[in-house]
Amino acid sequence: MNGAHDLGGMHGLGPINPEPEREEPLFHAEWEKRALGLTLTAGWLGQWNIDVSRHARERQHPVTYLSNSYYENWLAGLETLLVEKGVVTLEELEQGKALEPAPESLTSKCAPASAVTNILSSGGPCDHPTDDPQEFKIGDKVRVIQFNPTGHTRAPRYVRGHVGTVCDYHGSFILPDENSKGNKIGQHLYNVSFDGDTLWGPGNDSTIHVDLWQSYLEKA
Amino acid sequence: MGQDHSHDHTEPPSDPALRVKALESLLVEKGLVDPAAIDAIIETYETKVGPRNGAKVVARAWTDPAFKDLLLSDANTAINSMGYAGRQGEHMKVVENTDTRHNLVVCTLCSCYPWTVLGLPPVWYKSAPYRAQAVSAPKGVLTEFGTTLQEGTKISVWDSTSEMRFLVLPQRPEGTDDWTAEQLEDLVSRNSMIGVELALTPAELKVIQAGESS
């Protein structure tokens, strides 16, 4: 979707104002720690995947998305998913109190502290096989298709319609556009490089690399 | 609830600290979340998984040519061999800075970041201005970080749009030929592995250490 999250090239957002590396705390408030932990542990209940989760954050109203701090966006996304997936009710969320017990199918997935190290160090690999033929090879010129899907996609607006060069092939990976709807399918994934002046106009001599799935691309 | 589409977004949002507290007590009461698991997650990223992991990878690549070759051709195997693996580091690619090429990593669409080697991303990395400018005006971004590249150096920007996570291999600073990998680690800042800064020079490190011990 063409949401506020798709930020590449946007103007007027002001300076970055980075905190010096050696002075920046890992968290800026205690609640951020709990928001991180809740997002991860609730995710382990298995009711959604990473793309469903990203989409829950990015479909907030643009004003809200851009006004929130990053952990506020995580919190908003988590609240949305918990209610939409029926893990908690809106009334429970508003009251911060359980009004009905959770089913055993969910409570059985509650991760104990002893499982955390193993879960974090295992991660969740996202490669996934496909029977599709690989349409592009390294060195091919490709054009990102012009499309404006209203759902989740990982093709940023700033590359759509532009021509780049395939410079790496990563293998077959879960396609986010479908994964966000609960369909786990694999598709070939490429790294495509774009000349800065192609994307941004004359005088930009940088190269921009973007990972793009096969269905985002056509031969140029 | 900030995500309610019918919500008037001009209404001030409720205090996130209160919302998080209420949400945690609700999920704990329903038996869905163990607060000790949250503590364990926080402890992991506060004490175990952070940019010192990445610094060890970089320092080893600077001192062990076979490891560097493996790191650049098969980053997962190289990084996993040092014991760093897991969430948000399942698929890794390392990009090398040279005399003519400088690399910069961003995630314009969210905040994808190589957690296994750098830990949790800093606030600026997740901020709207960084995500907006890194792909369109990388030179300005480097200027804001006080970073100057050698004349003629071109910039490659890596937008983390898939589950591939990028780590920059900075250039080894001059005047460190007789340094051990362990000593070199101190020169490898987190920011140099994102690409907004260069590795510290020995002189810069000295100034920092003098400041921290005074």
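The values are calculated or read from the model by the stated rules, or taken from the named source; none is laboratory data. Note that the coordinates shown come from a computational prediction; the quantities given were computed from them, not determined experimentally. All Cβ positions, even for glycine, are placed from backbone atoms using ideal geometry, and neighbour counts span all protein chains on display.
Being assigned to a helix (DSSP H, G or I) and under 17 Å from B:ALA61 (Cα atoms) is the filter here, so list the residues in the stretch B:185-214 that pass it. Quick ask: steps written out before the conclusion?
To start, the set of residues in the stretch B:185-214 that are assigned to a helix (DSSP H, G or I) comprises B:185, B:190-194, B:202-213.
Hits for the stretch B:185-214 are B:GLU185, B:ARG190, B:SER192, B:MET193, B:ILE194.
So the check is Cβ under 9 Å with 6+ separation or different chains; which pairs have a first residue in the stretch B:24-37 that's at the interface with chain A (Cβ under 7 Å from one of its Cβ atoms) and a second one that's basic (Lys, Arg)?
Short answer, once both residue conditions are applied: B:GLU24/A:ARG34; B:SER25/A:LYS97; B:LEU26/A:LYS97; B:GLU29/A:LYS97; B:LEU32/A:LYS109.
Kindly establish whether A:GLU30 is acidic (Asp, Glu), surrounded by fewer than 20 Cβ atoms within 10 Å (Cβ to Cβ) and over 24 Å from B:MET193 (Cα atoms).
Details: acidic (Asp, Glu): yes; surrounded by fewer than 20 Cβ atoms within 10 Å (Cβ to Cβ): yes; over 24 Å from B:MET193 (Cα atoms): yes.
Spelling it out, A:GLU30 is indeed acidic (Asp, Glu), surrounded by fewer than 20 Cβ atoms within 10 Å (Cβ to Cβ) and over 24 Å from B:MET193 (Cα atoms).
Can you give me the number of residues within the stretch B:132-184 that are under 16 Å from the mean Cα position of the chain (by Cα) and part of a strand (DSSP E or B)?
Total satisfying the criteria: 9.
Please state which one of A:HIS170, A:HIS128, A:HIS188, A:HIS152 is facing another protein chain (nearest Cβ under 9 Å) and modelled with pLDDT of 95 or more. Show your work before the answer.
On the way: A:HIS128 fails: facing another protein chain (nearest Cβ under 9 Å); A:HIS188 fails: facing another protein chain (nearest Cβ under 9 Å); A:HIS152 fails: facing another protein chain (nearest Cβ under 9 Å).
None of the other options fit; the residue is A:HIS170.
Give the residues of the stretch A:176-197 that are among the aliphatic types (A, V, I, L, M) and in contact with a helix residue (DSSP H, G or I) (Cβ under 7 Å, 6 or more places away or on another chain), sorted by residue number.
Looking only at the stretch A:176-197, we keep the residues that are among the aliphatic types (A, V, I, L, M), and these are A:185, A:189, A:192.
Passing the criteria: only A:ILE185.
Could you list all residues from the stretch B:64-101 that are among the small types (Gly, Ala, Ser) and on the phi > 0 side of the Ramachandran plot? Break it down into steps so the answer makes sense when it comes.
Within the stretch B:64-101, the first condition is being among the small types (Gly, Ala, Ser), and the residues that meet it are B:66, B:73, B:75, B:78, B:81, B:83, B:85-86, B:89.
Correct list: B:GLY83, B:GLY86.
Any chance you could count how many residues in the stretch B:142-171 are touching a strand residue (DSSP E or B) at 6+ places or on another chain (Cβ under 9 Å), of a type outside the set (Lys, Arg) and facing chain A (nearest Cβ under 7 Å)?
9
Going through A:GLU23, A:GLU32, A:GLU58 one at a time, which residue ends up being farther than 25 Å from A:SER105 by Cβ, more than 7 Å from chain B (Cβ to nearest Cβ), free of Cβ contacts under 8 Å to residues at least 12 places away in the same chain and not hydrophobic (A, V, I, L, M, F, W, C)?
Numbers: A:GLU32 fails: free of Cβ contacts under 8 Å to residues at least 12 places away in the same chain; A:GLU58 fails: free of Cβ contacts under 8 Å to residues at least 12 places away in the same chain.
Answer to the selection: A:GLU23.
Would you confirm, using the coordinates I've provided, whether B:GLU90 is in contact (Cβ under 8 Å) with a residue 60 or more places away in the chain, surrounded by fewer than 22 Cβ atoms within 10 Å (Cβ to Cβ) and facing chain A (nearest Cβ under 8 Å)?
Details: in contact (Cβ under 8 Å) with a residue 60 or more places away in the chain: yes; surrounded by fewer than 22 Cβ atoms within 10 Å (Cβ to Cβ): yes; facing chain A (nearest Cβ under 8 Å): yes.
Yes.
When the residues of the stretch B:38-63 are narrowed to those that are over 16 Å from A:LEU45 (Cα atoms) and aliphatic (A, V, I, L, M), which ends up farthest from the other protein chains (Cβ to nearest Cβ)? Before you say what the answer is, go through the steps one by one.
Quick first cut of the stretch B:38-63, residues over 16 Å from A:LEU45 (Cα atoms) only: B:39-40, B:42-63.
Pick out the ones that are also aliphatic (A, V, I, L, M) and you get B:40, B:42, B:49, B:55, B:57-59, B:61.
Values: B:ALA40: 4, B:ILE42: 5, B:VAL49: 8, B:ALA55: 12, B:VAL57: 16, B:VAL58: 15, B:ALA59: 17, B:ALA61: 19 Å.
Ranking the candidates gives B:ALA61 first.
Yes or no: B:VAL106 touching a residue at least 12 places away in the same chain (Cβ under 8 Å), within 11 Å of chain A (Cβ to nearest Cβ) and surrounded by fewer than 24 Cβ atoms within 10 Å (Cβ to Cβ)?
Details: touching a residue at least 12 places away in the same chain (Cβ under 8 Å): yes; within 11 Å of chain A (Cβ to nearest Cβ): yes; surrounded by fewer than 24 Cβ atoms within 10 Å (Cβ to Cβ): no.
In short, no.
Hey, can you tell me all the residues within the stretch A:151-191 that are crowded, with 23+ Cβ neighbours inside 10 Å and over 19 Å from the mean Cα position of the chain (by Cα)?
The answer is A:GLY164, and nothing else.
Six or more apart or on different chains, Cβ atoms under 6 Å: show the pairs whose first residue is in the stretch B:47-71 and in a helix (DSSP H, G or I) and whose second is buried (at least 17 other Cβ atoms within 10 Å of the Cβ) and of a type in the set (Gly, Ala, Ser).
Taking only residues 6 or more apart or on different chains, the pairs are B:PRO51/B:GLY119; B:PHE67/B:ALA61; B:LYS68/B:ALA61; B:LEU70/B:ALA78; B:LEU71/B:ALA61; B:LEU71/B:ALA78.
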